[in-house]
Amino acid sequence: MEFKNILFDLDGTLTDPKMGITQAVQYALTRFDIFEDNLDNLEPFIGPPLAISFAEVYGFSESDCKKAVGYYREYFSDRGLYENEVYAGIPELLQSLINQGRTLIVATSKPTVFADKIIQHFGMTSYFKQIYGSNLDGTRSDKGEIIQAAIEENNLDKSQTVMIGDRKHDIIGAHKSGISSIAVEYGYGSQEELTESKPTYIVKTVEELKYHFCEEVRMK
């Protein structure tokens with residue numbers, strides 16, 4: 001099946017946001033007198049909704065999760081947004097997909113207002129029909145809800161739509177919405193995490209992802 005509609009996760013799929021996200025988390029933790037010097041230990045925060053990560057990784061209560069997200073945004077909205085870089089080969093991949101006549105949409109757990117700024121900052125706005133993220137008040141943070149909103153509001157044919165992401169939340173969200181999925185191993189989800197979530201396809205690199213869609217065109 002050729003996928004005419006492609007939903008892209010942002011963090012760990014289009015861009016490598018490690019420095020911005022982990023340093024924002026590091027800052028938030030200091031407000032609770034928790035000091036984490038090794039940013040690698042904060043990689044689990046890349047991808048999932050922040051409140052869920054603060055609860056799972058540090059056992060924060062619901063009220064402390066809300067406070068932590070607020071502290072995180074103090075840093076992220078000012079600096080962390082731009083401590084980020086586009087993965088090599090992504091602009092070329094996006095241009096190739098546009099040339100093939102496909103519709104591209106961003107579907108991220110990151111608040112839409114931040115996702116918009118990041119996409120604009122890196123000059124990628126023209127590639128995407130729409131950007132879907134969570135709301136600043138914490139609603140629509142589940143990846144399945146975000147994907148479903150993109151499908152419904154754009155009247156997408158589910159049989160021709162695929163979700164691409166690097167964490168289990170992307171794949172689980174695709175399952176919930178009844179669409180296919182491609183897990184990318186170059187991001188922040190472990191091979192075990194991605195395999196267990198049962199994506200339709202798994203690719204290791206951006207180049208392999210590009211080849212996947214070129215093969216679709218060749219096989220038509």
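The values are calculated or read from the model by the stated rules, or taken from the named source; none is laboratory data. Computed from a predicted structure; not experimentally measured. For neighbour counting, all protein chains shown are included, and Cβ atoms are generated from backbone atoms with ideal geometry for every residue, glycine included.
Looking only at residues in the stretch 16-49 that are modelled with pLDDT under 95 and either in contact with a Gly (Cβ under 9 Å, 6 or more places away or on another chain) or among the hydroxyl-bearing types (Ser, Thr, Tyr) (or both), the one that is farthest from residue 108 (Cα to Cα) is 46. The single condition from (1) under 25 Å from residue 79 (Cβ atoms); (2) touching a strand residue (DSSP E or B) at 6+ places or on another chain (Cβ under 8 Å); (3) in contact (Cβ under 8 Å) with a residue 60 or more places away in the chain that residue 180 fails is (1). On the basis of being out of contact with any Lys or Arg (no Cβ under 6 Å at 6 or more places or on another chain), crowded, with 24+ Cβ neighbours inside 10 Å, among the aliphatic types (A, V, I, L, M) and modelled with pLDDT of 95 or more, does residue 203 make the cut? Against the criterion (out of contact with any Lys or Arg (no Cβ under 6 Å at 6 or more places or on another chain), crowded, with 24+ Cβ neighbours inside 10 Å, among the aliphatic types (A, V, I, L, M) and modelled with pLDDT of 95 or more), residue 203 does not qualify. Candidates in the stretch 158-177 are the residues that are among the small types (Gly, Ala, Ser) and either out of contact with any strand residue (DSSP E or B) (no Cβ under 6 Å at 6 or more places or on another chain) or assigned to a strand (DSSP E or B) (or both); of these, the one that is surrounded by the most Cβ atoms within 10 Å (Cβ to Cβ) is 165. Just one of the listed residues (118, 131, 146) is touching a strand residue (DSSP E or B) at 6+ places or on another chain (Cβ under 9 Å), under 23 Å from residue 81 (Cβ atoms) and outside any helix (DSSP H, G or I), namely 131.
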